[in-house]
Every structure is written in C-alpha cells, then in structure tokens.
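The values are calculated or read from the model by the stated rules, or taken from the named source; none is laboratory data. Nothing here was measured: the structure is a model prediction, and the numbers come from that model. Cβ sites come from the backbone with ideal geometry, for glycine too, and all protein chains shown count toward neighbours.
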Amino acid sequence: MKTSAVASVVLYTVLAHAGARNELEPYTGGCEANTRPICAQSSKMALSDPSLGNVTAGNPTRCELDADYWIEQTDKVLNRIDALYNGTTKMESKNNGAGNCPDGSSTSSYQYQLRIGSTGKIAGTNLTRSLYDNNPFYMYLTWFYPALNENTANANTTGDVYMVSSQSWFEYGQQWNLSSTKSGDGFDIAGSLTTHKYSDIQGLWYRIGECASSFSSWDYKTDFLILDCNVMSMTMKGHISPDKAEIVITAVVYGRPGNPTLTWTFNGNSIPGPKLLTTEANPITDGKLNVTGSTGAAGTASGMGASAGSWAVAGLAMLASFVLL
C-alpha cells in the first residue's frame, strides 16, 4: 500500500474515533468486554448505594477486530518525548471517625517518577493522545524499586500510590479529568479520578497501625482500585515547571473504619531528556527524543515505565509509516 493510501485510512480512523469515549456509551466493537468483578464486599456497589448510577468495570482492550486498534501503541511511542521528574513521596493519613486507622505520616522507601506529556498533535505524525484523552495534558506517577530503606519499610505507618490519567490500550481510555492553569514558572494542575471502568495503573496501599489494605489494579480477581468501590474520591493538585514538580494526591478510602483520608505528596526534579515548555496555554514538551531510555531508576512498578532500546526504534518506524502528507 502506498504511503498516501495509508494516510487516507489512518485519517479516516482518526475522524471516526476522535476524543475520549463516554463511559456510559456502550461498547459495540469486536473485542471481548473483559468484564471483571466490580467491587469488594465492603463497597458502595455491594451495598446497593443509589448514588452510584450506572457503574460497570467492563473495559475492553483494543484488539485487531476494531478499526482503532492502531491507537493501542500511542503511549508506548509518545512516552519517549514526555518530561520526567524523579523524586520522593510522603504519605499522611487522617482518621475521619471512629476506627483503628490512627493519624500518621511516613516517607516512602521507594523512588518515585512523574511523567508529563502532551495530548495535542505531535509534529510529523498523526499519533496523538487526543484520540482517547480530552485532557489538556497527560500525567503518570509511579514508584520504582529497589530502593528500600529497611527502617522506613518496617515503619508503623507507610504506603504508596500510583496513577495514570489515560491509557491508549483501553477503549475507555481516559480515567482522570485534568485541568491546568499558567502560574509563575509553570502550571498549576488539578484533577480527579472519574471513571468507573476497570483500568491498569490505578492503585494504592497503606499500613497505619493495625489498619492495612491494598488496592492494586494488577490483580483484578481480588483487589483493584475503582471509584465508589474502595475509594470515595481520589483527587490531585500540584505545580509543575521545567525544573521541578510537586504533586499532592488525596484519596478518601471507603469501607475501612473511619474512612481514612490518605495524602501523598511527591516532590521531584527534572532529569535529562525531554523538557516541559511553558510557551503554550497547557503543558507540552520540547519533543526531543529520550534516545537512551534512561529514567534514572532501577525498575518500575508497572509495565508503563520507559525501557531501554528496541521498541523505541520500532515505534519511530511506525511513526514514520503514519506520517500524514
């Protein structure tokens, strides 16, 4: 097939599938719905809370049977031009009522990394997160290991969090609603977890005295984090600049005595590679490729982390084949 023909097919697909899919819009494609257990027994869903509305955990991953399957690789390719910040995270807990979750605070024993990217058009390609993400920017926060501090790991109060605003391999790809406002040397940002669909890379765990739990998207057969199932709310606010970032994530845990409020504060510095720009109304990067794949961390808590080498070349080759003339 000639390049121009490929471009025509791709352009048609873009026009036919622009923007994030509404959560209440039923999926009618050819992929399996991947229906999973919705909530733990302690959830509002299990208690038939009428405030839930239409909640379902089914979220099909893009497959060869759907015309938008080519979008699936977007994150893997574009995360090579995202701005990266390495730093540390401190958790604080506050009991909102009677229960065994006392107040406490602890700095995580893990290294953390924040990723900030664009959702707009990328020069030279039609790959853009706007195909499934209506937010003004993209963000992903996770921890890395090993970096264990034995004293911290054995502390009475400890916990970690990870989140991503959207994912290209799910049909319902946008999990968070984000906003940004120019301020000082960068942007004030805010957001909240809004989806009731299953999604990878949304999770938290904590140990506060005798109160402990884990909500992880990795093992959906037992626990996974989803709004109104095991958190009443999950919000984010912060400030990002070309050199530094501070992010605060707050989750009100449901179904635990006192419904504790957990707050994680990330502070990080930018590392060599793509840089955040402040020339536009919303966060973008300079588009320079991170050719080494280096993140400055030893390992990642999920499959989304940058990895060295081979797929970067394949991704760039795919970009070249989809250039719109």
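Residue by residue, here is whether (1) more than 25 Å from residue 188 (Cβ to Cβ); (2) hydroxyl-bearing (Ser, Thr, Tyr); (3) modelled with pLDDT under 90 holds:
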| site | (1), (2), (3) |
| --- | --- |
| 86 | no, no, no |
| 100 | yes, no, yes |
| 104 | yes, no, yes |
| 108 | no, yes, yes |
| 122 | no, no, yes |
| 127 | yes, no, yes |
| 161 | no, no, no |
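Where residues in the range 32-55 are buried (at least 17 other Cβ atoms within 10 Å of the Cβ) and outside any helix (DSSP H, G or I), which of them is modelled with the highest pLDDT? Among those residues, the one meeting the criterion is 44. For residue 257, are the conditions met, namely being modelled with pLDDT of 80 or more and in a loop (DSSP other than H, G, I, E, B)? Here the answer is no, as residue 257 does not meet what is asked. Scanning the range 84-92 turns up one or more residues that are more than 30 Å from residue 260 (Cβ to Cβ) and either part of a helix (DSSP H, G or I) or not polar (S, T, N, Q) (or both). Residues that are over 15 Å from the mean Cα position of the chain (by Cα) and under 14 Å from residue 90 (Cβ atoms) within the range 104-133 comprise 104, 105, 106, 107, 108, 109, 110, 111, listed in sequence order.
Residues checked against (1) surrounded by fewer than 20 Cβ atoms within 10 Å (Cβ to Cβ); (2) over 22 Å from residue 253 (Cβ atoms); (3) in contact (Cβ under 8 Å) with a residue 24 or more places away in the chain; (4) out of contact with any His (no Cβ under 6 Å at 6 or more places or on another chain):
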position: 159; (1), (2), (3), (4): no, no, yes, yes
position: 168; (1), (2), (3), (4): no, yes, yes, yes
position: 176; (1), (2), (3), (4): no, no, yes, yes
position: 181; (1), (2), (3), (4): yes, yes, no, yes
